[in-house]
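Scroll down for the structure; my scribbles are underneath it.
Every number in this text was worked out from the coordinates using simple rules, so none of it is lab data. Just so we're clear, the structure is a prediction, and the values are computed from it rather than from any experiment. Cβ placement follows ideal geometry from the backbone for every residue including glycine, while neighbour counts extend to all protein chains displayed.
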Amino acid sequence: MILYGRNPVHEALRAGRRRVEQVWATERAAREPWLREVPNVQIVGAGEVESRCGSPDHQGICAEAGGYPYVGAAELLAAEDPFIVALDELQDPQNLGAICRTAECAGATGVVLCERRAAAVTPSAAKASAGAVEHLRIARVRNMADFLADAKQSGAWC
C-alpha cells in the first residue's frame, strides 16, 4: 500500500502499527524534521512521487507501507466502557477518513465497518483522515446488525 501526504506518512511512522518499507520525498519535503531519523528516504522528483502514489495530492511525499492492521470487533467490545462508531455500508473513502479523524479526536475506542459494500482503509482514506487511522483501532464485521446485537449483549448502549 502506498500512503501519500505528509500527515499520513508521518503518523504511520510515529504509530508504528505497520511497517514502512520505503519513503520517497521531494527535496523540499525531505527537509521535514521528523524525516531526519528515517533511514529509508529516497529523494526524488514530484513526478515520481505522483507516479508512485497515483495522486497529485501527495504533498511531496509517499511511502510503501504494509496493509492496514484491522482489529477484531471483540477487541473493541472488550474495552472498558467502549465508545465505538459503527458505520453501516459507508462507501466513500474520503468520508471514511473524515469520520475516522473526528472519531479519533473525540476519543473513540474504535470504528466498525462492514466487510462488504463498504469503504476500507485505503491510501485516500488515510489521507482524508490526516493520519488518524494510524492511531485508531478499526474492525471489519460481516454483518452490522449482528455486531450491534453483540454490543448490546456485552452491555454497550446502542
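Given the criteria among the small types (Gly, Ala, Ser), in contact with a strand residue (DSSP E or B) (Cβ under 7 Å, 6 or more places away or on another chain) and closer than 14 Å to Leu76 by Cα, does Ala139 qualify?
Yes: the conditions hold for Ala139.
Residues of the range 99-124 being of a type in the set (Ser, Thr, Tyr) and in contact (Cβ under 8 Å) with a residue 24 or more places away in the chain, which ones?
Once the filter is applied, which keeps residues that are of a type in the set (Ser, Thr, Tyr) and in contact (Cβ under 8 Å) with a residue 24 or more places away in the chain, the range 99-124 yields Thr109, Thr122, Ser124.
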